[in-house]
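*Asks:* Sharing a structure below in structure tokens format, with a few things to ask.
The values are calculated or read from the model by the stated rules, or taken from the named source; none is laboratory data. Here the structure is a predicted model, which means the values were calculated and not measured. A quick note on method: Cβ atoms are made from the backbone with ideal geometry, for glycine too, and the neighbour counts reach across all protein chains shown. What goes into the accessible areas is simple: the full protein's heavy atoms, side chains included, and nothing from ligands, DNA or RNA. Shrake-Rupley method; radii C 1.70, N 1.55, O 1.52, S 1.80 Å.
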Amino acid sequence: MKRAYNFSAGPAILPIPVLEETAKAVVDYNNTGMSIMEMSHRSKEYDAVFVETQNDGLKILGLSSDEYHVLFLGGGASLQFLMVPMNFLNKKADYVSTGVWAKKAIKEAKWVGETNVVASSEDKNFNYIPKDVKFNPDADYAHITTNNTIYGTRWNKMPDAGNIPLLADMSSDFMSRPLDYSKFSLIYAGAQKNIGPAGVTMVVIKKSFLEKQKENVPTMLSYKTHTDANSMFNTPPCLPVYIVGRTFKWIMAQGGLEAIEQNNIKKANLLYDYLDAHSDFYKGTVTNKEDRSLMNITWNLNTPELEAKFVEEAKKKYNMTNLKGHRSVGGIRASVYNACPLDAVEALVKFMDEFMKDNK
Ligand SMILES: *Cc1c(COP(=O)(O)O)cnc(C)c1O
């Protein structure tokens, strides 16, 4: 099989060994004579997969199961936008508005209670990360979006939330870099950007924070329902969790988050250096270098017509896919998640050079 150069923002590229192991397990898991999709989620075999995936996830993040729960839930990151405030917004909550996803989280919090947008980068179409953000000392929690998939920005340095619990939507840069993950009371990430396929959302929640959960939260929307049942209150997304587990093994085999980050820096620098050197033709949308995402890299050409031509030629000539920017902003976006190989980025830069010479 010849792989496409896949720059999809999500569902996104997965490591080849993960796909191959999954292909086998879909037919016959570990010589059980059953597909991984055909087993009871409460069977000994599947339970081992599930628990190992939870443990490996914490190990990669440098967190302990004494202090954190790991949940694998349905409903996408989008359901977490609502679950978070339903469980933890008592008086008021602070949010930083750094893009469409952050705004969606804010919208759901407003269903529940007082929601303060303490900082926003909407004045410049979200092309930067607000600095020196101050949170209300009596807020129930502070919520950020660590990487802004559509605009190509990320929090390089996490904000200081003081004594307020810090919560994050990490969907599009989860496990892309080492961080002090213990600073976060709750992390959630839709798997389909960086750790697996669509259909499962990973939630990491600090046990001491969970104690603050409100009473009277409807059953399926309550984190405690899921932590009490070790994420098997109802049938979990069995196959997606298996694939997340294989991706964790792959991350560990790469050398963990330090090695993953080094590779991500190499790929992103290749693209950013090229964009910066040819800014008369390719206009990177994030000029603040420290705010640049390592995962989603965005730029414009002089006209939408030229952008469309770029996307079309990249596909036709080299099978480079999904380079079109998000429909809300247009332009070009290359998503270069963990599993995107360096040679894909090298090929993209080579094509960009060719395209520039032909169209300047
Ligand atoms: C993709 C994305 C989401 C939405 O995830 P779903 O799983 O589709 O609900 C939320 N937040 C961020 C930052 C994203 O990139």
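*Asks:* Using a 1.4 angstrom probe on the protein heavy atoms only, line up Arg246, Arg327 by accessible area, largest first.
*Replies:* Per-residue accessible area, sorted high to low, gives Arg327, Arg246.
*Asks:* Largest first and to the nearest Å, give the Cα extent of the chain along each principal axis.
*Replies:* Over the chain, Cα extents along the principal axes are 62, 56, 31 Å.
*Asks:* How large is the charge dipole for the chain, taken about the Cα centre, if only the Cβ atoms of Lys, Arg (+1) and Asp, Glu (-1) carry charge, to the nearest 20 debye?
*Replies:* It comes to approximately 520 debye.
*Asks:* If you don't mind, another one. Which semi-axis lengths, in whole Å and largest first, follow from the square roots of five times the eigenvalues of the Cα gyration tensor of region 1-46?
*Replies:* Each semi-axis is √(5λ); the values are 27, 13, 7 Å.
*Asks:* While we're here: Using a 7 Å offset from the Cα along the Cα-to-Cβ direction at both Tyr318 and Asn269, what is the distance between the two label points in nm, to one decimal?
*Replies:* Using points 7 Å along Cα→Cβ, the separation is 2.0 nm.
*Asks:* Just to confirm my numbers, what's the Cα centroid distance between region 5-29 and region 60-111 in Å?
*Replies:* 27
*Asks:* Within region 317-360, list the residues whose amide N lies under 15 Å from a label point set 7 Å along Cα→Cβ of Glu305.
*Replies:* Inside the label zone: 359-360.
*Asks:* Tell me, what is the percent relative contact order of the chain, built from C-alpha pairs under 8 Å that lie six or more residues apart?
*Replies:* About 23 percent, as a whole number.
*Asks:* If you don't mind, there's one more thing I want to ask. Mind jotting down the distance between the C-alpha centroids of region 152-171 and region 253-267, whole Å?
*Replies:* Between the Cα centre of region 253-267 and that of region 152-171, the gap is 21 Å.
*Asks:* Who wins for biggest fluctuation among Asn264, Asn300, Asn163 in a Gaussian network model of the chain, springs between alpha carbons below 10 Å?
*Replies:* Ranking Asn264, Asn300, Asn163 by mean-square fluctuation puts Asn163 first.
*Asks:* Taking only C-alpha pairs under 8 Å that are 6+ residues apart, what is the relative contact order of region 256-359 in percent?
*Replies:* It rounds to 30 percent for region 256-359.
*Asks:* Next up: Give me a comma-separated list of calculated 3J(HN,Hα) values for region 159-167, in order, Karplus coefficients 6.51, -1.76, 1.60 applied at θ = phi - 60°, integers in Hz, x for any Gly or Pro.
*Replies:* x, 8, 9, x, 8, 7, x, 9, 10
*Asks:* Let me ask another. Among Ser208, Ser182, Ser222, whose mean-square fluctuation peaks in a Gaussian network model of the chain (Cα, cutoff 10 Å)?
*Replies:* Top of the fluctuation ranking is Ser208.
*Asks:* Report, largest value first, the span of the C-alpha coordinates of region 1-144 along each principal axis, in whole Å.
*Replies:* The Cα atoms of region 1-144 stretch 55, 40, 29 Å along their principal axes.
*Asks:* Full extension from Val117 to Lys104: what is 0.36 nm times the residue separation minus their Cα-Cα distance, to one decimal in nm?
*Replies:* Extending this stretch completely gives an extra 3.5 nm.
*Asks:* Build a GNM of the chain with springs between Cα atoms under 10 Å: which of Gly245, Gly152, Gly113 gets the top mean-square fluctuation?
*Replies:* Comparing Gly245, Gly152, Gly113 in a Gaussian network model of the chain, the most mobile one is Gly113.
*Asks:* Over region 170-272, with a single point scatterer placed on each C-alpha, what log10 of the ratio I(q)/I(0) does the Debye formula yield at q = 0.16, 0.17, 0.18, 0.19 1/Å?
*Replies:* The Debye formula, applied to the Cα set alone, gives -0.83, -0.91, -1.00, -1.08.
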